[in-house]
Amino acid sequence: MTARVGLIIPSSNRMVEDEMNHAFPPGVRAHVTRLRMTGDSRMPLDQLLPRVEEAARALVDARCEVVAFHCTANSMDEGRGGEERILAALTRGGAARATTTATAIRHALDALRARRIVLITPYTQATTDHEAEFLHEAGYQVLHAKGFALAGSDAYCATPSQFWRDRLIEAARPDAEVYFLSCAAISNLGIIEEAEARLGRPVITSNQAVIWDTLCALGASDRRGPGRLFAAPAPTPQREPVGA
């Protein structure tokens, strides 16, 4: 029996399949639908939502039991209200269980009981600060927020994971409870545990959090994955556990 996760991602993202497909446990498959929604194709949420709904319908056609809108910056762009509107669009599209990257990050922070955050991104400082505003609105304290202003998706995908490990370690703070490495288009699953060992704190990333959150939504009995997050208690499953 196969459980299916649907991921709606920006069309320019070439990292999600490489990072995420092999990270789901046996019995869970990921299916991807792309939308043009970043860079020159960026649009207001009002214009994006009908396309999100249609993309959800396509993934429901593929029998996906949970559908995630997986773009960190877009899911945080209009605050908690924008996040709720995206979740509503996924539900209108027929998703039995819906999440966004922003939702997954909030769930991960709550599961880790972490409130004081160091935020690292490949984005401009303005976009990074906007993500920090979302986190503040959601009830967290961002102690430090640093964007590295890489030149778009090509640069995001080409940057080696060791770069992000080193940036996390450079940002170490004694008062941080968690380190959040944001963006679905960067490679980082392989450095999470090393960074956690060096920092002495949990590290969460966009792709890691969405894997964990969708497995929790499925009630999957096998939730192995990189980092302390996968040892954290899951939210109450919304359906009968997969593989139980």
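Structure data summary
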| read-out | value |
| --- | --- |
| In the stretch 171-218, the residues that are of a type in the set (A, V, I, L, M, F, W, C) and not in a helix (DSSP H, G or I) | Ala171, Ala172, Ala176, Val178, Phe180, Leu181, Cys183, Ala184, Ala185, Ile186, Val203, Ile204 |
| The stretch 71-93, subset among the acidic types (Asp, Glu) and out of contact with any Leu (no Cβ under 8 Å at 6 or more places or on another chain), residue most open to solvent (accessible area, probe 1.4 Å) | Glu84 |
| Considering residues of the stretch 12-30 that are crowded, with 16+ Cβ neighbours inside 10 Å and part of a strand (DSSP E or B) only, the residue nearest to the chain's Cα centre (by Cα) | Ala30 |
| Identity of the residue in the stretch 36-70, over 18 Å from the mean Cα position of the chain (by Cα) and of a type in the set (S, T, N, Q), that ends up most open to solvent (accessible area, probe 1.4 Å) | Gln47 |
| Single condition Pro50 does not satisfy, out of (1) in a helix (DSSP H, G or I); (2) within 21 Å of Pro122 (Cα to Cα) | (2) |
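Rundown of residues vs (1) closer than 17 Å to Thr205 by Cα; (2) open to solvent by 30 Å² or more (accessible area, probe 1.4 Å), yes/no style:
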residue: Val118; (1), (2): yes, no
residue: Thr121; (1), (2): yes, no
residue: Ala126; (1), (2): no, yes
residue: Ala138; (1), (2): no, no
residue: Lys146; (1), (2): yes, yes
residue: Pro160; (1), (2): yes, yes
residue: Trp164; (1), (2): yes, no
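The values are calculated or read from the model by the stated rules, or taken from the named source; none is laboratory data. Predicted model only: the values in this text are computed from it and were never measured. Note that we place each Cβ from the backbone using ideal geometry, even for glycine, and neighbour counts take in every protein chain shown. To get the accessible areas, we keep the full protein, side chains included, count just its heavy atoms, and leave off ligands, DNA and RNA. Shrake-Rupley method; radii C 1.70, N 1.55, O 1.52, S 1.80 Å.
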